[in-house]
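Single-structure report; data block below.
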Amino acid sequence: MEQALNVTMTVNGAQVTRSIPARQHLVDFLRDELGLTGSHIGCEHGVCGACTLRVNGEIVRGCLMLAVQADGCRVDTIEGLSDSKELEKLQKAFHEKNALQCGFCTPGMLMAAQDLIRSKKKATREEIRAHISGNYCRCTGYQAIVDAIEEAING
Amino acid sequence: MKAPSFAYAKPRSLAEAFDLAARPGAKLLAGGQSLIPALNLRLSSPELLVDITGLAGLSGIEILKGSVRVGALCTHTQIEQSADLRKHLPLVAEAVAHIAHPAIRNRGTLGGSLALADPAAELPACAVALEAVLTISSSRGERRVAAADFFKGLFETDLKPGEILAGAEFPKADKSVFLELARRQGDYAIVGLAGIARGSERRIAFFGIGAKPVLLKPKSLDEAKASLPTPVADLYHSASTKLHLARVLLERAWNRL
Amino acid sequence: MGKAELPLHAPGTQVDKGYIGQSVPRPNAQRLLQGRGAFTDDLRFPRLAHVAFFRSPYAHARIRKLSFENAVKSPGVIAVFDGPKVAEYCSPWVAVLAHLKGIKSPPQYAIAVDRACWQGEACAAVVAESRSQAEDAVQLIEAQWEELPVVVDMEESLRGDVVIHQDLKDNVCFKREHDTGGVDEVFASADVVVEETFHFGRHTGVCPEGRAIVADYNAAEHSLTVYHATQAPHMMQDIFSRHLNIPEANVRVIAKDIGGSYGIKVHVYADEMATAAISVILRRPVKFVADRLESFLSDIHAREHRARVRLACSKAGEILAFDLDDLTAIGPYSVYPRTSGIEGNQVVNLTGGPYKHQKYKARMHVVFTNKNVTCQYRAVGHPIAVALTEGIVDLAAQKLGMDPAEFRKINLVPDDAYPYTFPSGIKFEKLSHHKALDLLLRTMNYSQLRAEQSRLRNQKVYRGIGLAAMIEVTNPSPAFYGVGGARISAQDGATLRFEPTGMVTVMCSVTEQGQGTEGIFAQIAASAVGVSMDKVRVITGDTGVTPYGGGTWASRGAGIGGEAVLLAGRALRTNMLDVAAQILKLDKAELDIKDNNVINRLTSEPKLQLQELGRVAYFRPDTLPLDFQSELTVTRHYTPRQYGFTFTNGIQASLVEVDPDTGFVKLLKHWCVEDSGTVINPMLVDEQIRGGVVQGIGAALYEECLYGPDGQLLNGNMADYLVPMSGEMPDIVCAHIETPTLQSQLGAKGVGEAGTAGAPAAVMNAINDALAPLNARVTRMPFTPERILKALGKV
């Protein structure tokens, strides 16, 4: 039987403890163990950004972190940041500017965008494009996403 | 693709870490930004991952008189955001901004990048250009290795089983220039160079053209162009294309040194 | 006929369009924004088993022996299956259609039997408690192979020295010739003849969500429920039914949220059929999600063409004839059920499309290779046809020393020439090429850009402007597939149900993959019935709930599904007024519905709230006349009949800057003027176009599936296969012209694929325009720095 390790972390403000295999990455843990399916799996090699979520206040690729590495950490997912209303302004901008279509890249995109918003006062369109340059979207032309972030960040 | 199974341990002391790292099939895990994709893609099947991120004494950025010391566990983001490092070691500050994307820079470490020795990576070339000295710890104590001797070949370094890269000391430079050609922001470089000037000496280390950083110490631009070895082709670029691009970068870099 | 029954495009009448034409944010986007969507992989099932596939490492090999001894003992493994076993439950298929004369393909099995014909073809299936455990066991399968000769190169395949399927005698899946006659004479006597060979790199969809399917067989009922990320649930219902031998109505296909499809998810995949068969064998739910590596190996590829084209014109610049020789390489099987002959067929139909020449000759071959299978991918054939057409047109303009916009003005079909039959046989209802060109040139400030280009050239900065005019197939009739014998529906239906509280539920057979189908249906339904949009709910993608229909493909959702919703909405409104008239004891002709109320048609005075209408109709029908029955659920269907395809037109422009030292291309800006008839939601249409443009940019600059000489895919991961990311994309300006189709009341044509159809051509022409002073030209997509440097003679 595969070795099982105990892991305790705070997810969206609630402490959780599970016994899991070491090889399970953080997104699989959130999706399969906790039923938080808002974080998506797009490539599992860290390129597409669909799995972007927040650990200890920093955005990370959830597929490139073992769940056991998140032991003792604070994890925020799209569901948590939606319920806490932290993303409300950004989500409204996305909605009104039609910055999503299929929605698969959207949670990761919102995480990356919110990271920029939290770190800067203002940003140019180039800076916005650079900050989300690691989040793959195939449906939109990225432009509406840039428009939405521009509105949310510059007011 | 799900990773194959492996054991996992997170040592709380260096002594414990050395012991675990020396076990057969053991691999060190820090940021995991290169190792975990390799596991997910089933390109690698270690028996044991030794998570060294809990170890003390491997972080920190220290500005010294003639050099900057950076701990192996410093993340690329910490390096990028250090105002001190940007002031004293601009080459490295510029280089890390090219590494992948913010979410990856938040986890990826200096030590991880140097120890992996990816031929398209930025930091090994910076280390070679600046003549960095790497500190390696083991149960036998510490040893120091010059960057040029540390990088031996394709994904091959001087690290022995049971050893952990503790940090690197980068001597400062008078002038520096960092240039990289990539198809998209954050991609691995097609070719790139980390160049410095110290006094009358110029050191230009290329990445993306060979199994390890290629160092030139030219007196003139023409000499630099002529002394470039034949690059290794990749999926999209022939050796001839890479050579041409390397020369273009040399032309663009020269006047900044 | 009241205003409510007039077509939206009725001339000289004020038709109340309600929400139609407004940029309303999509209601169903809210859940996606909060990560609370329901993609197929998000769903949970009791006793769910997971399948992973053992895939052929060889491009062509006989399977001598498969040993599952160690795999079955691996922890968590439930079962391991080979091709013959799965074939007992799932019959093979042959992807041919009667109207593609002479098309041939061997039978394809759910899991390869006897032979693997491409690297990545599934040769065995492992079912386990978790995907991880299934993958562990896949590595324990032992196989003995007999390698067979591999055919990779399309010219080689056509020559046929090595024939992949011995029974078929050669490697030609399909070929087509078209000749108006008189072509050779025109070329012989024309003032100017230009010729060019274009190469298009094979590439693929890279949907953010991998292909996903959960098949759930209920042995007690002999029924199958499939949660499937598919664009065409009814088509799949029919296919699961026939190939798994389960009665049609016992099969229910449900498409939940889908993470992008672009045509990739409208085809039948062997591994998905195998998953369904395995559920039947094991009598429990079984899930398969293609991971990213599998996606590159087995999602359909598309667009690998070598096209040789000639254009003849007069020295005054009049195009006289086109001559095309197109060769395209597919995989070892034609893909089911739409066939892999359609893309090449489209290239023949569409080459030269916007122009008014009368003479045209074409030869096209579709050949098998031992690479991954290919089939329809967004814009199917258009990117090829538009690029080779617009490329050769620019070359002709260059030879004549004429401005490319001027050259097009001379040759575009005039706006008053319709209806019009094009030399390939396709028929246009009404297009607006000249209006579009004028709008484009004005919007982009063409002359100012040319002046700036000229100025910058003197400073050795090389900018290029590229134009691409295009026609596009939308709203297809049964002429596309049905006539060939495919059980693919070209009609769709919408059921609108009035709820007691005054809400309206819309159930429509067209599906949603993010383009906004459900949003526009809500807009149309609300407008047609007279309720506010917040009162409307839309259900799509469930064969157990919606009327029978075709789903989403070939840009048909708005034009066909939308029309069905409009018709049903108007019929529901009429029936509601019947009830209202009874309740109010007034003449129906005096009444209308607006903003959730029955109103006096003339004075707009509210007479009855809709929730009151609902209360009476559903709970107090005893208060209505004895012979009166409320019918507050209405279904209507729509089939486009008059035109085989409803063509749209558009024109794009790209502004680039090429660095002649590095071969890098910087995309400065992009424009698209599109005429897709009635625009239901401009905001949705714009970003659909932009998404399509960026996909086309991918084809032009970045994307190619690279195969080695032994048929190995060399770059099947997201680090090595390059897709467009935000950092390199330009802002894209969209403008619209609305020439409604008169075939429907809504007047909407399709628009989903327009961006992809024209962008590669525009970018190519822009690059070549930038390189022109340096006497360099590129014709092999994608235009990597190396290819540009080669053209410049620098490497």
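C:Gly37 versus (1) within 14 Å of chain A (Cβ to nearest Cβ); (2) not in a loop (DSSP other than H, G, I, E, B): which is the lone unmet condition?
(2)
From the set of residues in the stretch C:434-476 that are among the polar types (S, T, N, Q) and open to solvent by 40 Å² or more (accessible area, probe 1.4 Å), which is nearest to C:Glu753 (Cα to Cα)? Walk me through how you get there before you give the answer.
In the first step, residues of the stretch C:434-476 are kept if they are among the polar types (S, T, N, Q); the result is C:443, C:445, C:447-448, C:453-454, C:458-459, C:474-475.
If we keep only those that are open to solvent by 40 Å² or more (accessible area, probe 1.4 Å) too, we end up with C:443, C:445, C:447-448, C:454, C:458-459.
Details: C:Thr443: 22, C:Asn445: 26, C:Ser447: 29, C:Gln448: 30, C:Ser454: 34, C:Asn458: 38, C:Gln459: 38 Å.
Checking each candidate, the answer is C:Thr443.
Surrounded by 24 or more Cβ atoms within 10 Å (Cβ to Cβ), modelled with pLDDT under 95 and part of a helix (DSSP H, G or I) - does that describe any residue in the stretch C:548-556?
no
Return the pairs, sorted by first residue and then second, in which the second residue is open to solvent by 20 Å² or more (accessible area, probe 1.4 Å) and acidic (Asp, Glu), the first residue lies in the stretch B:217-242 and is closer than 30 Å to C:Cys705 by Cβ and within 13 Å of another protein chain (Cβ to nearest Cβ), the beta carbons are less than 8 Å apart, and the residues are 6+ apart or on different chains.
B:Leu235/C:Asp720; B:Tyr236/C:Glu786; B:His237/C:Glu786; B:Ser238/C:Glu786; B:Thr241/C:Glu786; B:Lys242/B:Asp234
Here is a yes/no grid of residues against (1) modelled with pLDDT under 95; (2) over 26 Å from B:Ile61 (Cβ atoms); (3) away from chain C (no Cβ under 14 Å); (4) surrounded by 21 or more Cβ atoms within 10 Å (Cβ to Cβ):
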| position | (1), (2), (3), (4) |
| --- | --- |
| B:Val145 | no, no, yes, no |
| B:Pro161 | yes, yes, yes, no |
| B:Leu165 | no, no, yes, yes |
| B:Ala168 | no, no, yes, yes |
| B:Ile204 | no, no, yes, yes |
| B:Lys212 | no, no, yes, yes |
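Specify the residue that is farthest from the other protein chains (Cβ to nearest Cβ); the eligible residues are those in the stretch C:716-727 that are without any contact (Cβ under 8 Å) to a residue 60 or more places away in the chain and part of a loop (DSSP other than H, G, I, E, B).
Within the stretch C:716-727, the first condition is being without any contact (Cβ under 8 Å) to a residue 60 or more places away in the chain, and the residues that meet it are C:719-720, C:722, C:724-727.
Then drop every residue that is not part of a loop (DSSP other than H, G, I, E, B), which leaves C:719-720, C:722, C:724-725.
On the way: C:Ala719: 6, C:Asp720: 6, C:Leu722: 6, C:Pro724: 8, C:Met725: 5 Å.
So the residue we want is C:Pro724.
Within the stretch C:583-592, does at least one residue satisfy the condition of being open to solvent by 50 Å² or more (accessible area, probe 1.4 Å), aliphatic (A, V, I, L, M) and assigned to a strand (DSSP E or B)? Explain how you work it out, then say what you get.
Here is the first cut: in the stretch C:583-592, the residues open to solvent by 50 Å² or more (accessible area, probe 1.4 Å) are C:585-590.
Retained after the next criterion (residues that are aliphatic (A, V, I, L, M)): C:586, C:589.
When the remaining residues are screened for being assigned to a strand (DSSP E or B), the result is none.
For the stretch C:583-592, residues open to solvent by 50 Å² or more (accessible area, probe 1.4 Å), aliphatic (A, V, I, L, M) and assigned to a strand (DSSP E or B): absent.
Restricting to the stretch C:348-393, give me the number of residues that are more than 16 Å from the chain's Cα centre (by Cα), of a type in the set (S, T, N, Q) and in a loop (DSSP other than H, G, I, E, B).
5
Please verify whether C:Asp659 is in contact with a His (Cβ under 9 Å, 6 or more places away or on another chain) and at the interface with another protein chain (Cβ under 10 Å from one of its Cβ atoms), treating the condition exactly as stated. Even if it seems obvious, please write down each step before you answer.
Working: in contact with a His (Cβ under 9 Å, 6 or more places away or on another chain): no; at the interface with another protein chain (Cβ under 10 Å from one of its Cβ atoms): yes.
No.
Among the listed residues C:Leu602, C:Leu667, which satisfies the condition of being more than 10 Å from every other protein chain (Cβ to nearest Cβ) and under 30 Å from C:Gly201 (Cβ atoms)?
Working: C:Leu602 fails: under 30 Å from C:Gly201 (Cβ atoms).
Exactly one residue qualifies, and that residue is C:Leu667.
Condition first: open to solvent by 40 Å² or more (accessible area, probe 1.4 Å) and within 14 Å of chain A (Cβ to nearest Cβ). Now tell me which residues in the stretch C:10-24 satisfy that.
Correct list: C:Gln22, C:Ser23.
Residue by residue, here is whether (1) outside any helix (DSSP H, G or I); (2) more than 19 Å from B:Ser113 (Cα to Cα) holds:
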residue	(1), (2)
B:Glu169	yes, no
B:Val177	yes, yes
B:Gln185	yes, no
B:Tyr188	yes, no
B:Gly192	yes, no
B:Ala197	yes, yes
B:Pro218	yes, yes
B:Arg247	no, yes
B:Glu251	no, yes
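Out of curiosity, is C:Gly569 open to solvent by less than 10 Å² (accessible area, probe 1.4 Å) and in a loop (DSSP other than H, G, I, E, B)?
Numbers: open to solvent by less than 10 Å² (accessible area, probe 1.4 Å): yes; in a loop (DSSP other than H, G, I, E, B): no.
No.
Quick check: anything in the stretch C:54-67 on the phi > 0 side of the Ramachandran plot and open to solvent by 30 Å² or more (accessible area, probe 1.4 Å)?
Just the residues of the stretch C:54-67 that are on the phi > 0 side of the Ramachandran plot, to begin with: none.
No, the stretch C:54-67 contains no residue that is on the phi > 0 side of the Ramachandran plot and open to solvent by 30 Å² or more (accessible area, probe 1.4 Å).
Name the pairs: first residue in the stretch C:728-744 and within 28 Å of A:Thr124 (Cα to Cα) and within 14 Å of chain A (Cβ to nearest Cβ), second residue hydroxyl-bearing (Ser, Thr, Tyr) and buried (at least 22 other Cβ atoms within 10 Å of the Cβ), Cβ to Cβ under 6 Å, at least 6 apart or on different chains?
The qualifying pairs are C:Met729/A:Tyr142.
Quick check on the stretch C:276-314: of everything there that is in a helix (DSSP H, G or I) and farther than 30 Å from A:Cys43 by Cβ, which residue is nearest to the other protein chains (Cβ to nearest Cβ)? It would help to see each step written out before you state the result.
Going through the stretch C:276-314, the residues in a helix (DSSP H, G or I) turn out to be C:276-282, C:292-298.
Imposing the further condition that a residue be farther than 30 Å from A:Cys43 by Cβ reduces the set to C:280-281.
On the way: C:Val280: 26, C:Ile281: 24 Å.
That would be C:Ile281.
Would you check if B:Ala93 is surrounded by 18 or more Cβ atoms within 10 Å (Cβ to Cβ), modelled with pLDDT of 95 or more, over 29 Å from C:Ser74 (Cα atoms) and more than 8 Å from every other protein chain (Cβ to nearest Cβ)?
Values: surrounded by 18 or more Cβ atoms within 10 Å (Cβ to Cβ): yes; modelled with pLDDT of 95 or more: yes; over 29 Å from C:Ser74 (Cα atoms): yes; more than 8 Å from every other protein chain (Cβ to nearest Cβ): yes.
Judged against the criteria, B:Ala93 is a match.
Which one of C:Lys790, C:Lys794 is over 26 Å from C:Val565 (Cα atoms) and outside any loop (DSSP other than H, G, I, E, B)?
Working: C:Lys794 fails: outside any loop (DSSP other than H, G, I, E, B).
Just one listed residue meets the conditions, C:Lys790.
Among the residues that make up the stretch B:174-184, is at least one of them away from chain C (no Cβ under 14 Å), in contact (Cβ under 8 Å) with a residue 24 or more places away in the chain, out of contact with any Cys (no Cβ under 8 Å at 6 or more places or on another chain) and open to solvent by less than 10 Å² (accessible area, probe 1.4 Å)?
First, the residues of the stretch B:174-184 that are away from chain C (no Cβ under 14 Å): B:174-178.
So of that shortlist, the ones also in contact (Cβ under 8 Å) with a residue 24 or more places away in the chain come out as B:174-178.
Pick out the ones that are also out of contact with any Cys (no Cβ under 8 Å at 6 or more places or on another chain) and you get B:174-177.
From the residues that got through so far, the ones that are open to solvent by less than 10 Å² (accessible area, probe 1.4 Å) too are B:177.
Yes, the stretch B:174-184 contains at least one residue that is away from chain C (no Cβ under 14 Å), in contact (Cβ under 8 Å) with a residue 24 or more places away in the chain, out of contact with any Cys (no Cβ under 8 Å at 6 or more places or on another chain) and open to solvent by less than 10 Å² (accessible area, probe 1.4 Å).
Being surrounded by 19 or more Cβ atoms within 10 Å (Cβ to Cβ), within 30 Å of C:Met781 (Cα to Cα) and assigned by TED's automatic domain parsing to the domain that holds C:Gly76 narrows it down to one of C:Gln133, C:Gln119, so name that one. Talk me through it step by step, then tell me what you get.
Details: C:Gln133 fails: within 30 Å of C:Met781 (Cα to Cα).
That would be C:Gln119, the only listed residue that is surrounded by 19 or more Cβ atoms within 10 Å (Cβ to Cβ), within 30 Å of C:Met781 (Cα to Cα) and assigned by TED's automatic domain parsing to the domain that holds C:Gly76.
How do the pairs read when you match residues in the stretch C:766-795 that are open to solvent by less than 30 Å² (accessible area, probe 1.4 Å) with residues anywhere that are among the basic types (Lys, Arg) and outside any helix (DSSP H, G or I), using Cβ under 7 Å and keeping only pairs 6 or more apart or on different chains?
C:Asn768/C:Arg777; C:Ala770/C:Arg463; C:Leu771/C:Arg777
The values are calculated or read from the model by the stated rules, or taken from the named source; none is laboratory data. Since the structure is predicted, the reported quantities are computational estimates derived from the model, not experimental observations. Note that we place each Cβ from the backbone using ideal geometry, even for glycine, and neighbour counts take in every protein chain shown. To get the accessible areas, we keep the full protein, side chains included, count just its heavy atoms, and leave off ligands, DNA and RNA. Shrake-Rupley method; radii C 1.70, N 1.55, O 1.52, S 1.80 Å.
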